[in-house]
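The values are calculated or read from the model by the stated rules, or taken from the named source; none is laboratory data. The model shown is predicted, which means the values in this text are computed figures rather than measured ones. Neighbour counts are summed over all protein chains in view; Cβ atoms, including those assigned to glycine, are modelled from backbone coordinates with ideal geometry.
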Amino acid sequence: MDGSKPFEEKSLNLLETCALAVAFMTLYLGLMFWSGFLKEDEMVPLTVAIVVMNVLFSIWALRLVFAKTIDDYVKDYQDAQALKDRKVKVKPETEGGKHTKQEEEMANANKITSEKSLPPPPPVLIDDDKKQNKVSKAEKFWAKGQGNE
């Protein structure tokens with residue numbers, strides 16, 4: 001990559017070069033106002049030239065930036081649509097109507113976890129002053145899980 005062209009895209013390198021040229025010309029022509037070299041009636045065309053140069057550059061730069069932004073947005077949208085259209089439904093392969101080995105392993109794993117017993121219920125604290133013998137919802141839940149109703 002060339003040291004004087006830091007951007008990969010030619011349009012950005014051109015934009016930077018033009019921005020530097022316009023800034024230089026604005027400053028250089030602006031110095032003529034303070035030098036006393038020009039008469040007052042000669043300053044009007046110089047002023048118009050500076051303003052027109054900056055306005056044209058600004059319009060061109062904004063158009064370039066917005067066009068690039070819109071192009072990138074359209075490209076991203078088209079890529080997303082293409083990716084969306086490529087989605088494929090995948091079904092597991094079966095061997096002669098039987099489940100595959102992986103499916104059987106998953107089914108066995110599910111059976112083992114569903115057959116495990118629940119842990120014992122936590123101890124119930126009863127306030128000695130009130131001697132409550134009510135059964136809490138948690139105790140009912142744990143009793144149902146253990147098959148002790």
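Numbers below:
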{"read-out": "Selection status of residue 124, in contact with an Asp or Glu (Cβ under 7 Å, 6 or more places away or on another chain) and either at negative phi or modelled with pLDDT under 70 (or both)", "value": "yes"}
{"read-out": "Matching residues, the stretch 12-38, being polar (S, T, N, Q) and surrounded by 12 or more Cβ atoms within 10 Å (Cβ to Cβ)", "value": "13, 17, 26"}
{"read-out": "Close pairs from the stretch 46-61: first at pLDDT below 95, partner of a type outside the set (Lys, Arg) and outside any helix (DSSP H, G or I), Cβ under 7 Å, at least 6 apart", "value": "46/38"}
